[in-house]
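Read through the structure below, which is laid out as structure tokens, and then see the notes.
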Amino acid sequence: MSIAVVRFPGSNCDTDVLHALGAVLAHPVHEVAHTDADLGAASAVIVPGGFSYGDHLRAGALAARSPVVAAVAAFAGRGGPVLGICNGFQILTEARLLPGALARNDGLRFVCRDVHLRVERDGPPFLSRTRRGEIVRLPVAHHDGRYVAPTETLDRLEGEGRVALRYVDAEGRRDPEANPNGSDRAIAGVVNEAGNVLGMMPHPERAVEPLLGGDDGLRILGSLVDALAGRAAEAPA
């Protein structure tokens, strides 16, 4: 039941994810390299944040063509849970595992601060520890985090309930000042049609201990661990 964490040249949040899962949540975890064509005995995959390949060409564009991403795509196609965080979200859109794209922030500046997010869908495998409409606080740190998509795609995501997280103020209201990058419709995270792939720009792995300023990230990472535990309990002996 180990969770695979993918490491690319330029990844810088993989160690944070390993700590959050292994040390804080006490769940088995292992790393896989960008050159690996096999995920090992993975029950879930996390594609972490960073600046894979220095964000050359476009953020996530080169990483999306790595051998390991083909393995991640096959795993997701079999229904395996895949979570892409920040650069991981960028990679998943570049690999077409998720719709839309992540463009340069409004103002063309790197943004690093805590944001408030409204949970727009709940349930496993990523949001079972949250409730729809609940507000959580997580940090963001990105330069290319503005979620964009054609209007018809945005309408479809909204209509199918595939917007997972949205930037809001502390009271849960949409406000341009609360949208750190100018994302279309203040979208901070989306899921694929099957609901087993989630991409999100905020960093749950950086908010897993009160010492770090908050532990709302456990609501997401802990939901994934719970989902895997549920699968293990349901598996035939």
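The values are calculated or read from the model by the stated rules, or taken from the named source; none is laboratory data. Since the structure is predicted, the reported quantities are computational estimates derived from the model, not experimental observations. We place every Cβ from the backbone using ideal geometry, glycine too, and count neighbours over all the protein chains shown.
So how many residues does region 106-119 have that are in a loop (DSSP other than H, G, I, E, B) and surrounded by 20 or more Cβ atoms within 10 Å (Cβ to Cβ)?
0
Does region 150-177 hold any residues that are touching a Leu at 6+ places or on another chain (Cβ under 9 Å) and of a type outside the set (Lys, Arg), and which are they?
VAL163, ALA164, LEU165, TYR167, VAL168
Here is a yes/no grid of residues against (1) among the charged types (D, E, K, R); (2) under 17 Å from the mean Cα position of the chain (by Cα); (3) over 16 Å from VAL17 (Cβ atoms):
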{"site": "PRO124", "(1), (2), (3)": "no, yes, yes"}
{"site": "ARG132", "(1), (2), (3)": "yes, no, yes"}
{"site": "GLU158", "(1), (2), (3)": "yes, no, yes"}
{"site": "GLY182", "(1), (2), (3)": "no, no, yes"}
{"site": "VAL190", "(1), (2), (3)": "no, yes, yes"}
{"site": "PRO202", "(1), (2), (3)": "no, yes, no"}
{"site": "ARG206", "(1), (2), (3)": "yes, yes, no"}
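Of these, VAL136, VAL72, which one is in contact with a strand residue (DSSP E or B) (Cβ under 7 Å, 6 or more places away or on another chain), crowded, with 16+ Cβ neighbours inside 10 Å and outside any helix (DSSP H, G or I)?
One residue alone meets the criteria, VAL136.
Among the residues of region 200-221 satisfying the criterion of being surrounded by fewer than 21 Cβ atoms within 10 Å (Cβ to Cβ) and assigned to a helix (DSSP H, G or I), which is modelled with the lowest pLDDT?
Among those residues, the one meeting the criterion is LEU212.
So which residues in region 1-45 are of a type in the set (Ser, Thr, Tyr) and either under 19 Å from ALA73 (Cβ atoms) or part of a strand (DSSP E or B) (or both)?
Within region 1-45, SER2, SER11, THR35, SER43 qualify.
Against the definition (of a type in the set (Val, Ile, Thr) and either surrounded by 15 or more Cβ atoms within 10 Å (Cβ to Cβ) or under 18 Å from GLY84 (Cα atoms) (or both)), how does THR130 come out, yes or no?
Judged against the criteria, THR130 is a match.
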